[in-house]
Amino acid sequence: MNVFSHPEFDNHEHLSFVCDAETGLKGIIAIHNTSRGAALGGCRMFPYASDEEALRDVLRLSRGMTYKSALANLDLGGGKSVIIGDPRKHKTEALLEAMGRHLESLGGQYIAAEDSGTSVPDLKVMGRQTSHVAGVTTRTGFDGLPSTGDPSPVTAYGTFIGLKAAVKHKLGTDDLTGLKVAVQGIGNVGFRLARYLKEAGAELWVTDIHADNLKRAVDELGATAVPSEDILTLPVDVVAPCAMGAVLNDQSIPAIRAAVVAGAANNLLDRPEHDAALKQRGILYAPDFAINAGGIIDVFYERTHGSPAQIRAHVDTIGDTLTEIFQRSDRTGLATGEIANQLAEERFRKHAPGAGLTPSRLARAG
Ligand code: NAD
């Protein structure tokens, strides 16, 4: 298995292959870039078919976190970790504690948060061995309501702010009354986004593979339920994909009728060239890693003990960042995803290594 010549290797600063024979732990921790500060990103547990697949995922995801945090102007670097195994079969407290010991050995260069296959309680188990875990503190959230550490409410709010910036740029209005929005996936983020939209006067079409989620949106928000295969191509103003990645692809893009695509799901573009394909069709795409940064912003302020008002004010800047991306895209003719990458690179490359919030400062704050 190649590492330094791996197609996804991008001068990652650090890779650890971690193992614990007693508990069956096998995992990889990847730190992509720490020039803005300690690397923060989720710890994913997934039954990868091969070590190669796990390596590819952790290289790609850790790099993505550098870009997401830099674009959100956070003093954080990018990192991610993966545990190879089925969370429903192989996850034990002993295995999670062993992972916690490996996190501790990195001295705070990398801080783990929850991701698919891990939950707040799992991170708390790792936290018995290390303080380098995040998203685990019960406190008052950005909206003044109790927060368990789950970042979804903040992600939904940030996505709403970003969606409004996209509508303002493309359709020239701040008023969402009567705006037609199709939401794909009404889980933790999608449902809350739909509720913000409803409160702002929008008309909603929704889909989900779980009937109970769908029923809740119909009953509580007056949304219209539609079959999964129709959601992206409805004659609406905005499509908000909040389920899974790669939904902007060769099949969907030619059929999209909305003027704006703005949703929380990660890695929405199936391939990089789909960024330009959306622009060619005149569809304004709000890059996923710009619009869904609310969660990482929330976790940052958990570590630094920021107030609810500080979190909200920072999440509100997602709208400004997107507006800057849209304006640069108009000026240069480049697609919005490419501009977002450039802007993120400007924001992390100008920092000397260690110039941001250092692991020791962040550990003290936490
Ligand atoms: P979730 O699992 O709570 O919600 C996803 C919903 O999508 C579920 O209700 C699921 O049933 C539905 N779904 C899955 N496949 C579908 C399909 N084919 N068609 C229609 N619906 C489908 O997850 P979430 O926390 O709401 O996250 C949603 C997306 O946003 C994910 O891509 C996630 O990676 C991304 N994201 C989430 C956060 C966060 O803070 N939760 C932060 C950044 C990005």
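The values are calculated or read from the model by the stated rules, or taken from the named source; none is laboratory data. This structure is a prediction, so every number in the text was calculated from the model and none was measured. Positions of Cβ are generated from backbone atoms using ideal geometry, with glycine treated the same way; all protein chains shown enter the neighbour counts.
Worth pointing out:
- Any hit, segment 177-191, residues being in contact with a strand residue (DSSP E or B) (Cβ under 9 Å, 6 or more places away or on another chain), over 22 Å from VAL261 (Cβ atoms) and more than 9 Å from the ligand (Cβ to nearest atom): no
- Any hit, segment 334-349, residues being at pLDDT 90 or above, part of a helix (DSSP H, G or I) and more than 21 Å from GLY162 (Cα to Cα): yes
- Selection status of ALA276, part of a helix (DSSP H, G or I), of a type in the set (A, V, I, L, M) and over 22 Å from ASN188 (Cβ atoms): yes
- Here ASP212 fulfils each of the conditions (1) in contact with a helix residue (DSSP H, G or I) (Cβ under 9 Å, 6 or more places away or on another chain); (2) within 16 Å of the ligand (Cβ to nearest atom); (3) not hydroxyl-bearing (Ser, Thr, Tyr) apart from (1).
- Test: residue in segment 2-9 that is on the phi > 0 side of the Ramachandran plot, in contact (Cβ under 8 Å) with a residue 40 or more places away in the chain and more than 20 Å from the chain's Cα centre (by Cα): no
- Checked against the criterion of being charged (D, E, K, R) and near the ligand (Cβ under 10 Å from one of its atoms), the candidates ASP270, ASP288, ASP275, ASP316 yield just one match: ASP288.
- Helices (runs of 4 or more DSSP H) within segment 128-240 that include 2 or more residues modelled with pLDDT of 95 or more and of a type in the set (S, T, N, Q): 152-171
- Residues in segment 138-155 that are more than 18 Å from ALA113 (Cα to Cα) and surrounded by fewer than 24 Cβ atoms within 10 Å (Cβ to Cβ): THR140, ASP143, GLY144, LEU145, PRO146.
- Breaking point among (1) buried (at least 17 other Cβ atoms within 10 Å of the Cβ); (2) closer than 16 Å to PRO151 by Cβ; (3) more than 17 Å from the chain's Cα centre (by Cα), for ALA217: (2)
- As a summary of the residue check, LYS124 satisfies the conditions (1) buried (at least 20 other Cβ atoms within 10 Å of the Cβ); (2) assigned to a helix (DSSP H, G or I); (3) not polar (S, T, N, Q) except for the one numbered (1).
- Positions within segment 265-286 being over 11 Å from the mean Cα position of the chain (by Cα) and either surrounded by fewer than 18 Cβ atoms within 10 Å (Cβ to Cβ) or not hydrophobic (A, V, I, L, M, F, W, C) (or both), in sequence order: ASP270, ARG271, PRO272, GLU273, HIS274, ASP275, ALA276, LYS279, GLN280, ARG281, GLY282, TYR285
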